[in-house]
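**Q** Take this structure first; my questions come after.
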Amino acid sequence: MKRRSWMVSLVLGLAFSFFPVVAAVAGGSHEQGAAQGKQITLQYFQYNGDQQQWQDLFDKFTALHPNIRVQQRVITGGASTYQEVLKTAMASGTEPDFFREWGGSLSGIMISSGHVLPLNDYYAKYDWQKQVIGWAYNQVAQNGKLFGKSGDIYGVPVATQAIAFWYSKAIWDKLGLTVPKTYAQLEALNAKVRAAGIYPLTLGGRYDWMTMRLFDYLLEVTAGPALHDQLLEMKANWDSPQVVQAFTLFKKWVDNWIVPGFLNTQPQDSHLPMYQGKALYTIEGPWMASTFAADGQDASNYSFFLYPTDHTPVRAEGFIEQLMIGADRPKANQEAAAELINWYIQPQIQAEHLKFDSTTGTLNVPTEGQSPLIAKSLKALASLRDTWLILDQSLPEEPLHGYFRAQDDLAAGTITPEQAAKEVQQAIEKYKAENK
Amino acid sequence: MKRRPTQGVSRLTPIWFFLPALVIYVVFIIYPMIDSFLVSLQKWDGVSIRHTWVGLANYVSFFKDTASLHALARTLQWTVGSVVPPTILGLLLAIALNRNLPGKTIFRAVFYLPFVMPLVALGITWSWIFNSDFGALNTLFRGIGLPGLAIEWLSNPKTALWSIVGTNTWYATGFPMVLFLAGLQTIPEELYEAAWMDGARPIRTFWSITIPLLRESLVIVVALLIISSLRAFDLIYVMTWGGPGQSTQVLGVWMYFNTFLFNKAGYGSAIAWSLTIISLALAIPYIQILTREKSST
C-alpha cells in the first residue's frame with residue numbers, strides 16, 4: 001500500500017514537472033497544411049491596425065476559399081518588440097506562415113538567416129511586379145540583393161511610406177505661409193514661424209529614429225542623391241565635408257527650431273505641441289492621416305509637404321512594408337499564403353483595406369470615399385519617381401546605433417559636427433571589421 | 001507489535017519527493033544557464049542555424065570595446081546611486097518608524113508600497129512626470145515661480161541618469177526600510193536605557209549601539225541592493241532607452257541591445273555572464289560573512 005502511494009506521488013510529480021513543457025509544445029502547434037481542398041489554417045503575424053478589421057478582411061478571403069482560414073497574432077509594443085517576437089519564433093521553429101515586415105536591414109536578418117521564402121516563382125505566376133508601385137518593388141528587390149541571393153525577391157510591398165513635413169493648417173494659414181520649394185525657403189519659413197513665438201518642428205527623440213529622419217533629409221540636401229545612397233550603403237566615407245555640413249545644419253535646427261526636451265520625448269507624445277499650437281509641423285509618414293483621427297483631431301486641419309531637397313528629381317525618404325512567407329512552412333501553406341497575398345493586393349481589396357489604413361503598395365487603388373488627406377497622400381506616394389531607403393533601414397543595427405549615439409551627443413552639445421561624422425565612420429569600420 | 005513509522009520507507013523515498021522540483025529546476029534554470037554560457041562562446045545572430053565557435057573572444061571583445069566599457073562605467077555609477085540613497089533613507093525611515101508613533105503601520109505601508117509596484121508602470125509614469133514640456137515636476141516649478149529649475153531632466157545627458165536614480169530611490173527605499181525595521185526589533189531596549197542613563201546623546205547611541213548591532217542587516221541590504229542594481233534593466237529601458245546618447249546605457253540594457261537589436265546573441269550572452277560573475281563575486285563574500293557570524297554565535 002505504501003509502495004503504491006509513493007508510486008502515485010512519483011507519477012503525479014513527474015506529470016506536474018512535464019506539464020509546462022507539454023502544454024508549450026501543444027499550444028505551439030497548429031494544423032499542418034495538406035493537399036489542396038484540405039483545411040489549412042494560416043498563422044499570420046502583424047503589428048499594425050485593429051485586429052477585428054483585419055479579421056473581417058480575411059474572412060472575406062475565406063468566403064472565397066472555404067478551406068483556408070487565417071489566424072492572426074497582433075504583436076503590440078511597437079517595432080522593436082515585433083522584431084524580437086518574430087526572431088524568437090523563427091529561431092524556435094514556430095514561425096508564422098506569412099507575416100508583415102518592414103524592409104531594409106529590419107527584414108535583412110530574417111532573409112539572411114534563411115527563414116524567408118524567395119517569391120520569384122509567385123511573382124512570375126501572379127505577375128505581381130506590374131501590380132505594385134515601382135519604387136516599392138525596387139526597394140524589395142534591393143533588399144533581396146543585399147541580404148539574400150541576388151535576383152531573389154522575398155516580399156510583396158503592401159504599404160508605401162514616404163516621410164514628409166505634416167503641419168497644422170491653423171498656424172500655417174495664420175502666418176500666411178507657402179510650401180517651400182528649396183531648402184533656403186524652408187529655413188526662411190522656420191525663422192518666420194519662430195519669430196511668431198512658435199517652434200517650427202516637434203519631434204519625439206526617445207528612440208532616436210524620429211530625430212534621425214531630420215538628419216537623413218539634411219544629408220540628402222548636402223550630399224545629393226548619389227553620395228547619399230553610397231553613404232547609406234556604407235560605400236562612402238562618412239567623415240566627409242558633406243556629412244559634416246549635414247550635421248552642422250542638424251545642430252542649427254536643434255538649437256533654434258525644435259521644441260526643447262525632444263531627446264526624451266516619446267514619438268506618440270511628440271504631436272502634442274502641434275495639437276496645442278506650440279509647434280507648426282512634425283516629420284511623419286502617411287499614417288498620420290489615421291493618427292489624427294485616433295488622437296481625436298480633425299484631420300482636415302492638417303496637411304503635408306514633401307522635403308525640398310534642392311535636387312532633381314525630388315526624392316522622398318521612404319520605406320515599404322511587405323508581406324513575407326515563412327521558408328520552413330509546409331508547401332501547401334506557402335501556396336495558400338501566396339494565393340491570399342495575391343487576392344489582398346488587388347486594387348478593390350486595397351480600397352477596402354484603406355478604410356482602416358492610410359497607405360498601400362498597389363497601383364491604381366480607387367480613392368473614392370477616402371478622406372481628402374488620404375487621397376492626397378496616396379497620390380503623392382504613387383507619383384514619386386524615386387526614394388531613398390530611410391537611414392534606420394539602410395545601416396545595419398550596430399553602426400546605426402553608433403550613428404544614434406553621435407546624433408544625440410551632437411544634439412546635447414557634447415561633441416562637434418566633425419566628431420559626429422568621425423564617430424559614425426568609426427562605427428561603420430568596426431562593424432565591417434567584425435563582419436568580413 | 002506496532003510497526004515503526006520508518007519501516008517500509010526506503011532511502012530513495014525522499015529523492016522521489018524532491019525529484020519533480022529538481023526536474024523543473026534543471027529544465028528551466030540549469031539547462032538555460034548552460035546553453036547561455038555555450039552561446040557566449042559562439043558567434044551567433046540568434047536566428048540562423050549557423051553557429052561559429054569563438055571561445056573566449058566575446059569576453060575579450062567586451063573589455064576592448066569602448067561602448068561596452070562606457071556601459072560598465074555607467075553601471076558602476078548606477079550601482080552607487082541605487083545603493084547609497086536607499087540604504088541611508090531606508091535606515092533613517094526605519095529608525096523614525098520604530099517608535100510608537102500614531103499611524104506608524106500606515107506610514108510603513110505607504111513607504112513600502114512603491115516597492116511592490118511593477119517597474120515598467122513606474123518608469124512610464126515617472127518619465128511623464130519628468131517631461132520637460134508638460135511634466136508635473138516642471139509644471140510645479142514654473143507654477144511656484146522657479147522656472148530655472150524646470151530643466152530637461154531626461155533629455156540632458158548630465159541629468160538623465162541621476163533623474164532615474166531619483167526614481168529608483170523612491171521605488172527601492174521601502175525594501176531596506178523593512179529589513180532595518182526587522183533588525184531594530186532585535187536590539188534590546190535596555191541598551192538604549194543604559195546609554196541614556198550614562199548621559200549618551202542620540203547621535204552617540206546611533207553610532208555606538210544601533211549601527212554595530214544592525215551590521216548583519218546592513219550587509220544583507222547592501223549586498224542585495226548591489227546585486228539587483230547590476231541587473232538593472234526595466235526602469236532605464238522604459239524611461240530613456242539607454243539615451244540620450246549613451247548617458248544611461250547600463251550593462252543590463254547594453255546586453256539586451258547586443259542580443260536582440262544588433263543580432264549578436266553570443267556577445268550579449270558574454271555580457272550577461274560577465275554580470276553574473278561580478279554578482280557572484282559580491283554575493284559569495286556576503287554569504288561567507290553571514291555564515292561566519294552565525295557559526296561564531
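**Q** Debye calculation, C-alpha points only, no solvent: report log10 I(q)/I(0) for the range B:63-128 at q = 0.20, 0.22 Å⁻¹, in the same order as the q values.
**A** Debye curve over Cα of the range B:63-128, log10 I(q)/I(0) at q = 0.20, 0.22 Å⁻¹: -0.97, -1.03.
**Q** Which of these, B:A270, B:A21, B:A283, has the largest mean-square fluctuation under a Gaussian network model of chain B (Cα springs below 10 Å)?
**A** Result: B:A21 has the largest fluctuation of those listed.
**Q** For the protein assembly as shown, compute Rh as the Kirkwood radius over C-alpha pairs and then the Stokes-Einstein diffusion coefficient at 37 °C and 0.692 mPa s; write the answer in µm²/s, rounded to an integer.
**A** For these conditions, the coefficient is 112 µm²/s.
**Q** Right, next: Quick one: Karplus J couplings for the range B:163-178, per residue in order, coefficients 6.51, -1.76, 1.60, θ = phi - 60°, nearest Hz, x for Gly and Pro?
**A** Ordered by residue, 3J(HN,Hα) equals 5, 5, 4, x, 4, 5, 4, 4, 6, 8, 4, x, 5, x, 4, 5 Hz.
**Q** OK, next. With a 1.4 Å probe and all protein chains in place, put B:T248, A:T178 in order of accessible area, largest first.
**A** Ranking B:T248, A:T178 by accessible area, largest first, yields A:T178, B:T248.
**Q** In the range B:132-158, what residues drop by 50 Å² or more of accessible area when the other protein chains are put back, versus the chain on its own? Use 1.4 Å, and skip ligands and nucleic acids.
**A** For the range B:132-158, once contacts with the other chains are taken into account, B:D133, B:F134, B:S155 lose 50 Å² or more.
**Q** Which whole-Hz couplings ³J(HN,Hα) result when phi for each residue of the range A:196-213 is put into the Karplus expression 6.51 cos²θ - 1.76 cosθ + 1.60, θ = phi - 60°, listed in order with x for Gly and Pro?
**A** Each residue's phi maps through the Karplus curve to give 7, x, 10, 7, x, 10, 10, 9, x, x, 3, 9, 6, 6, 6, 4, 4, 4 Hz.
**Q** Still on this model: Suppose a student asked you for the relative contact order of chain B, using Cα pairs under 8 Å spaced at least 6 residues apart; what percent would you report?
**A** 28
**Q** Another question, if that's okay. With the dipole of chain B worked out from charges on the C-beta (+1 for Lys and Arg, -1 for Asp and Glu) around the Cα centre, which of B:L224, B:G199, B:Y237 lies farthest toward the positive end?
**A** B:L224
**Q** Any idea what the dipole of the range B:177-232 comes to, in debye rounded to 20, about its Cα centre with Lys/Arg Cβ at +1 and Asp/Glu Cβ at -1?
**A** Roughly 340 debye for the range B:177-232.
**Q** What is the magnitude of the charge dipole of the protein assembly as shown about its Cα centre, with +1 placed on the Cβ of each Lys and Arg, -1 on the Cβ of each Asp and Glu, and no other charges, expressed in debye to the nearest 20?
**A** For this selection, approximately 2240 debye.
**Q** Let me ask something else about it. Chain pair A, B: how much accessible area is buried, both chains summed, with a 1.4 Å probe, in Å² to 100?
**A** The A and B chains share an interface burying roughly 3600 Å².
**Q** Which one of A:P267, B:G268, B:L22 has its Cα pushed farthest toward the positive end of the charge dipole of the protein assembly as shown, where Lys and Arg give +1 and Asp and Glu give -1 at the Cβ?
**A** The listed residue farthest towards the positive side: B:L22.
**Q** Share of Cα-Cα pairs in the range A:95-172 beyond 18 Å, in percent?
**A** The answer is 45 percent, as a whole percent.
**Q** Give the distance, in whole Å, between the Cα centre of the range A:224-286 and the Cα centre of the range B:157-197.
**A** What the calculation gives is 46 Å, centre to centre.
**Q** Okay, moving on. Residues with amide H under 5 Å of A:I153's amide H, sequence separation 5 or more or different chain, H placed in the peptide plane at 1.01 Å from N; which?
**A** Close amide H contacts, sequence-distant or interchain: A:L119, A:N120.
**Q** Another question, then. Using helices alone, what [θ] at 222 nm do you get for chain B, with -39,500 (n - 2.57) per DSSP H run of 4 or more residues, divided over all residues and rounded to the nearest 500?
**A** -20000 deg cm²/dmol, from helical runs alone.
**Q** Same structure, new question: With loop defined by DSSP as not H, G, I, E or B, and exposure as at most 15 other Cβ atoms within 10 Å, which is the longest segment of chain A clear of exposed GluC sites (Glu not before Pro)?
**A** Here the longest run is A:32-232.
**Q** Under 15 Å from the Cβ of A:I109, count the other residues' Cβ atoms, weight Lys and Arg +1, Asp and Glu -1, and hand me the total.
**A** -3
**Q** Hey, can you grab everything whose amide H is under 5 Å from the amide H of A:R329? Only 5+ residues off in sequence or another chain; H modelled, so Pro and N-termini drop out.
**A** Under 5 Å from the amide H of A:R329: no residue qualifies.
**Q** Given a 1.4 Å probe and every protein chain left where it sits, what share in percent of the accessible area of the range A:220-271 is carbon and sulfur?
**A** Ligands and nucleic acids excluded, carbon and sulfur give 49 percent.
**Q** Would you work out the relative contact order for chain A, in percent, from Cα pairs under 8 angstrom that are 6 or more residues apart?
**A** 23
**Q** Around B:Q42, under 12 Å between beta carbons, what's the net of Lys plus Arg minus Asp minus Glu among the other residues?
**A** Counting the neighbours of B:Q42, the net charge comes to +1.
**Q** A further question on this structure: With springs only between Cα atoms under 10 Å, which of B:W16, B:W53, B:W162 fluctuates most in a Gaussian network model of chain B?
**A** Maximum fluctuation in the GNM of chain B, among the listed residues, is at B:W16.
**Q** Express in Å², to the nearest 10, the accessible area of B:W78 obtained by rolling a 1.4 Å probe over the protein heavy atoms while all chains stay in place.
**A** Estimated to the nearest 10 Å², B:W78 gives 10 Å².
**Q** Just B:L224, B:L179, B:L261 to compare: in a GNM of chain B, with alpha carbon springs under 10 Å, which one fluctuates most?
**A** B:L261
**Q** In whole Hz and in residue order, list the ³J(HN,Hα) couplings for the range B:127-133 that follow from phi through the Karplus curve 6.51 cos²θ - 1.76 cosθ + 1.60, θ = phi - 60°; x for Gly and Pro.
**A** Whole-Hz 3J(HN,Hα) from phi for the range B:127-133: 5, 5, 4, 7, 4, 6, 8.
**Q** Hey, could you get me the Stokes-Einstein D for the range A:242-398, Kirkwood radius over alpha-carbon pairs, 25 °C and 0.890 mPa s, rounded to whole µm² s⁻¹?
**A** For these conditions, the coefficient is 131 µm²/s.
**Q** OK, next. Of A:K149/B:K64; A:K145/A:K436; A:K355/A:K379; A:K38/A:K60; A:K235/A:K379, which pairs sit farther than 25 Å apart, going by alpha carbon to alpha carbon?
**A** Going by Cα-Cα distance, A:K149/B:K64; A:K235/A:K379 fall outside the 25 Å limit.
**Q** Which distance in Å, rounded to a whole number, links the C-alpha centroids of the range A:88-145 and the range A:389-412?
**A** 24
**Q** Also, quick follow-up: Out of residues 5 or more away from A:E284 or on other chains, whose amide H comes under 5 Å of its own, with H placed 1.01 Å from N in the peptide plane?
**A** Sorted by chain and number, the residues that satisfy this are A:A164, A:W166.
**Q** Additional query: Hey, which aspartates and glutamates would be in cross-link range of A:K422, C-alpha to C-alpha under 15 Å, not counting anything within fewer than 8 residues on its own chain?
**A** Excluding near neighbours in sequence, the set is A:D239, A:D408, A:D409.
**Q** Over all directions, average the projected area of the Cα convex hull of chain A and note it in nm².
**A** 26.7
**Q** Could you calculate, for the range A:309-436, the ratio of the Cα radius of gyration to the Kirkwood radius, expressed as Rg to Rh?
**A** 1.11
**Q** Then there is this: Evaluate the distance, in nm, between pseudo-label points positioned 7 Å from the Cα of B:V27 and of B:D198 along their respective Cα→Cβ axes.
**A** 6.1
**Q** Work from the charge dipole of the range A:302-436 (Cβ charges, +1 for Lys and Arg, -1 for Asp and Glu, about the Cα centre) and give the residue of A:P308, A:N342, A:A421 farthest towards its positive end.
**A** Farthest along the dipole direction, towards plus: A:N342.
**Q** Now a separate question. For the range A:294-332 and the range A:343-383, what is the centre-to-centre distance using only Cα atoms, to the nearest Å?
**A** 12
**Q** As a check on your grasp of the helix formula, calculate [θ] at 222 nm for chain A: sum -39500 (n - 2.57) over DSSP H runs of n ≥ 4, divide by the residue count, round to the nearest 500.
**A** -16000 deg cm²/dmol
**Q** Using a 1.4 angstrom probe and counting only protein chains, how large is the accessible area of A:D269 in Å², to 10?
**A** 30
**Q** May I pose another question? Let me spell out the model: positive unit charges on the Cβ of Lys and Arg, negative unit charges on the Cβ of Asp and Glu, origin at the Cα centre of the range A:259-358. What dipole size does that give, in debye rounded to 20?
**A** Taking the Cα centre of the range A:259-358 as origin, the dipole is about 60 debye.
**Q** All other residues with a Cβ under 14 Å from the Cβ of A:V158 taken together, and with Lys, Arg as +1 and Asp, Glu as -1, what is their net charge?
**A** With Lys, Arg at +1 and Asp, Glu at -1, the neighbours total -3.
The values are calculated or read from the model by the stated rules, or taken from the named source; none is laboratory data. Nothing here was measured: the structure is a model prediction, and the numbers come from that model. Methodologically, a virtual Cβ is constructed for each residue, glycine included, from the backbone with ideal geometry; neighbour enumeration extends over all protein chains shown. These accessible areas exclude ligands, DNA and RNA; they are computed on the full protein's heavy atoms, side chains included. Shrake-Rupley method; radii C 1.70, N 1.55, O 1.52, S 1.80 Å.
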